[in-house]
Structures are given as structure tokens and as C-alpha cells.
Amino acid sequence: MARIMLRLSPVRETITGQELRSRRLRVGLSRNELAHSLGVPPAMVVAWEEDAAEVACPNALRQILQQSEERCSSSESAN
């Protein structure tokens, strides 16, 4: 019996510039801090937040925001 392998394209979640800015501010990250974490210039974060450019590293951005949100929620619950 032959095996069939399927390549599934990754689901691309999009984030609006407004949502990015809101989430970044909620977790207390400056544009410079987020840019440094992603290895991009701060001007790129500005472009993303203004919907002037597509996010070049959506998986890394999603991971950093998620980790930051988890840290915030765990520190809030500890208080």
C-alpha cells in the first residue's frame, strides 16, 4: 500500500496594526523593545502598526506577544 504525504500550508493568522499596537502596549513593550526582540529596526514595527508593511516574521511576533501576555497574566495573578 502506498503512503500519501500531504503538505499542509501553515495557517497564516493576520494581525492588524491596531491590534499589534494594542497588544504591545498591554504587555508593556516599547516599539524599540519589540523590534530588538524580533531583530528588526524600530521603524519596521511602526510600519506594521500603521499597516504600511506586512509582518515579515509573523510566527516570531506571535510567540513574543504570547509569551509577554503569559508573563503579564501570571504576574497579575500572583498579586
Condition first: surrounded by 16 or more Cβ atoms within 10 Å (Cβ to Cβ), in contact with a helix residue (DSSP H, G or I) (Cβ under 8 Å, 6 or more places away or on another chain) and either among the basic types (Lys, Arg) or not in a helix (DSSP H, G or I) (or both). Now tell me which residues in the stretch 27-46 satisfy that. Val27, Leu29, Arg31
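Among Arg24, Arg71, which is the only one that is among the charged types (D, E, K, R), modelled with pLDDT under 90 and outside any loop (DSSP other than H, G, I, E, B)? Break it down stepwise before answering.
On the way: Arg24 fails: modelled with pLDDT under 90.
None of the other options fit; the residue is Arg71.
Look through Ile64, Ile15 and report the one residue that is β-branched (Val, Ile, Thr), modelled with pLDDT of 90 or more and surrounded by 14 or more Cβ atoms within 10 Å (Cβ to Cβ).
Details: Ile15 fails: modelled with pLDDT of 90 or more.
Within the list Ile64, Ile15, the selection yields Ile64.
Give me a count of the residues in the stretch 49-68 that are assigned to a helix (DSSP H, G or I) and of a type outside the set (Gly, Ala, Ser). Break it down into steps so the answer makes sense when it comes.
As a first pass, look at the stretch 49-68 and keep what is assigned to a helix (DSSP H, G or I): 49, 58-68.
So of that shortlist, the ones also of a type outside the set (Gly, Ala, Ser) come out as 49, 58-59, 61-67.
Summing the residues that are assigned to a helix (DSSP H, G or I) and of a type outside the set (Gly, Ala, Ser) in the stretch 49-68 gives 10.
The values are calculated or read from the model by the stated rules, or taken from the named source; none is laboratory data. As the structure is a prediction and not an experimental result, all values here were calculated from the model. In this analysis, Cβ positions are derived from the backbone assuming ideal geometry, glycine residues included, and neighbour counts consider all displayed protein chains.
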